[in-house]
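Have a look at the structure below, then the notes.
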């Protein structure tokens, strides 16, 4: 197993950009997901990646049927155009999904869980329908759903790094406001005049993180990296900085370890990372239980 | 003679106020004046509208009718919600909860300045929680959580402190402790305090005056003069 780590961390390794991509996703997604978990919006973290995947599927479909012009002259150009369109589609559908959820929330249509359940079903079925009516989209979307980050190029890694660095900077800069708006809305009204700005900022950051994460790693892996690390570290930490830092480190750790496991045993990357994350949750709770026994 | 019965303007006043959430008001024709340095209790049975009145005083609930006068900025209002209304899932330490009171004065890019840290420490000392500063807020007892929220409200540097059922879910000894600490804070710093509680007897023992909230009305909201 140690040999697998040595090989994948060698810069000459063919999939080295994908290794770094998994680590970057693992570092940033849990920080955004940490807020989703605390705000009791975990289902939003499940639904928005579905919208992002549906957007990517729609973009590929639109490109293939000629709704979007084909500017590329070579197969390489065409692939770049497809990837770019998929990014745009992913972002647009994510924000459309967020707007739809915000509007229905404002109008008080049903309960929060039921709105998210309907939205999840809608996004999931749209994705399958776009793929079904465009059979050539199958392979690309299957890779997306399985969470195959192995296709990441250096240019995409640079874009992911730049956008996620900006997201992290915003989260760090406005950490106090985002925390206060999540924990106590009345206090935020008294001290900052309301929560609208901070809710909007958080949802923008979450939307960008999720849309990009889905394009790099698929909806299931993005959801897992968003919520599993913060859920695992929650019973073990005291204080918000340790919560976010530990979530981020655990995310990066399972991203890297999952890659090594997938490489060593030749299994799909996404499920390997998720299985590790899922294993950490009961382990962390058991550890917290034992630590509690010793404290008493 | 206190500020509430003096011709001086009060910190906060409601006139002919109609308060509620739907078409039927919870409280009607409310007259209320809170002067500087006063220690006022709002007593009444559960569901009588005490929290509605408190939220309207804070500006969290708009009036359906009437006027509210606040002669202090919103950022000088210290609010202590019921501890059970806050989500216990947050792994916040007691110190972090108390520090939130300073957030209104800090720009996003600023680190937590030393002066503000000292203010947080002083607020925790006032409620006797310095030793528990690093503990997880949700691991504390009901009384300790309530005191942490009082420390947070004190960190705001308030001119008026409003507490919503601070004795709810708190044992008898802790209730007395909290009431005594609030009385001490009121006496030492001349901070105006409004407490709402269904425990009218406890309020009568500690407060300068007790306003009764019942049957959709507020009785004794303005001190009788002469």
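Couple of notes before you dig in:
- Residue within segment A:250-257 that is buried (at least 19 other Cβ atoms within 10 Å of the Cβ), more than 14 Å from every other protein chain (Cβ to nearest Cβ) and assigned to a loop (DSSP other than H, G, I, E, B) present: no
- Top-ranked residue of segment A:232-241 - restricted to ones that are assigned to a helix (DSSP H, G or I) and facing chain B (nearest Cβ under 8 Å), ranked as farthest from the chain's Cα centre (by Cα): A:240
- Residue list for segment B:127-164, restricted to those being assigned to a helix (DSSP H, G or I), away from chain A (no Cβ under 12 Å) and out of contact with any strand residue (DSSP E or B) (no Cβ under 6 Å at 6 or more places or on another chain): B:130, B:131, B:142, B:143, B:144, B:145, B:146, B:147, B:148, B:151, B:154
- Any hit, segment B:10-17, residues being more than 14 Å from every other protein chain (Cβ to nearest Cβ), under 18 Å from the mean Cα position of the chain (by Cα), buried (at least 21 other Cβ atoms within 10 Å of the Cβ) and part of a loop (DSSP other than H, G, I, E, B): yes
- Answer from B:208, B:173 - the residue that is away from every other protein chain (no Cβ under 14 Å), in contact with a strand residue (DSSP E or B) (Cβ under 9 Å, 6 or more places away or on another chain) and more than 18 Å from residue B:52 (Cβ to Cβ): B:208
- Single match in B:89, B:79 (criterion: within 10 Å of chain A (Cβ to nearest Cβ), in contact with a helix residue (DSSP H, G or I) (Cβ under 7 Å, 6 or more places away or on another chain) and over 27 Å from residue B:41 (Cα atoms)): B:89
- Where residue B:109 falls short, out of the listed (1) without any contact (Cβ under 8 Å) to a residue 40 or more places away in the chain; (2) surrounded by 13 or more Cβ atoms within 10 Å (Cβ to Cβ); (3) within 14 Å of chain A (Cβ to nearest Cβ): (2)
- Only one of the numbered conditions (1) within 14 Å of chain A (Cβ to nearest Cβ); (2) at pLDDT 90 or above; (3) touching a helix residue (DSSP H, G or I) at 6+ places or on another chain (Cβ under 9 Å) is not met by residue B:52, and that is (3).
- Within segment A:115-135, if we keep just the residues that are more than 22 Å from the chain's Cα centre (by Cα) and assigned to a helix (DSSP H, G or I), the residue that is farthest from residue A:46 (Cα to Cα) turns out to be A:135.
- Scope segment A:259-271; condition part of a helix (DSSP H, G or I) and over 16 Å from the mean Cα position of the chain (by Cα); matching residues: A:259, A:260, A:261, A:262, A:263, A:264, A:265
- For residue B:58: the one exception among (1) over 24 Å from residue A:230 (Cα atoms); (2) within 8 Å of chain A (Cβ to nearest Cβ); (3) over 17 Å from the mean Cα position of the chain (by Cα): (3)
- Any chance residue B:95 is at pLDDT below 90, within 14 Å of chain A (Cβ to nearest Cβ) and either over 23 Å from residue A:237 (Cβ atoms) or surrounded by 18 or more Cβ atoms within 10 Å (Cβ to Cβ) (or both): no
- Helices (runs of 4 or more DSSP H) completely within segment A:149-228 that count 2 or more residues being within 12 Å of another protein chain (Cβ to nearest Cβ), touching a residue at least 24 places away in the same chain (Cβ under 8 Å) and over 30 Å from residue A:59 (Cβ atoms): A:175-183
- Residue match in segment A:140-147 (condition: at pLDDT 85 or above and either within 14 Å of chain B (Cβ to nearest Cβ) or surrounded by fewer than 13 Cβ atoms within 10 Å (Cβ to Cβ) (or both)): no
- In segment A:269-283, the residues that are modelled with pLDDT under 95 form Cβ pairs under 8 Å with partners that are not in a helix (DSSP H, G or I), at six or more places apart or across chains, as follows: A:269/A:147; A:269/A:148; A:270/A:147; A:270/A:148; A:270/A:218; A:271/A:147; A:273/A:147; A:274/A:147.
Per-residue answers, yes or no, for (1) in contact (Cβ under 8 Å) with a residue 12 or more places away in the chain; (2) under 21 Å from residue B:178 (Cβ atoms); (3) touching a strand residue (DSSP E or B) at 6+ places or on another chain (Cβ under 6 Å); (4) surrounded by fewer than 16 Cβ atoms within 10 Å (Cβ to Cβ):
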position: B:35; (1), (2), (3), (4): yes, no, no, no
position: B:42; (1), (2), (3), (4): yes, yes, yes, no
position: B:46; (1), (2), (3), (4): yes, yes, no, yes
position: B:56; (1), (2), (3), (4): yes, no, yes, no
position: B:61; (1), (2), (3), (4): yes, no, no, no
position: B:70; (1), (2), (3), (4): yes, no, yes, no
position: B:80; (1), (2), (3), (4): yes, yes, yes, no
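- Scanning segment B:201-226 for residues being under 27 Å from residue B:123 (Cα atoms) and out of contact with any helix residue (DSSP H, G or I) (no Cβ under 7 Å at 6 or more places or on another chain) gives a total of 6.
The values are calculated or read from the model by the stated rules, or taken from the named source; none is laboratory data. Given the structure is predicted, the values throughout are model-derived calculations rather than measurements. Methodologically, a virtual Cβ is constructed for each residue, glycine included, from the backbone with ideal geometry; neighbour enumeration extends over all protein chains shown.
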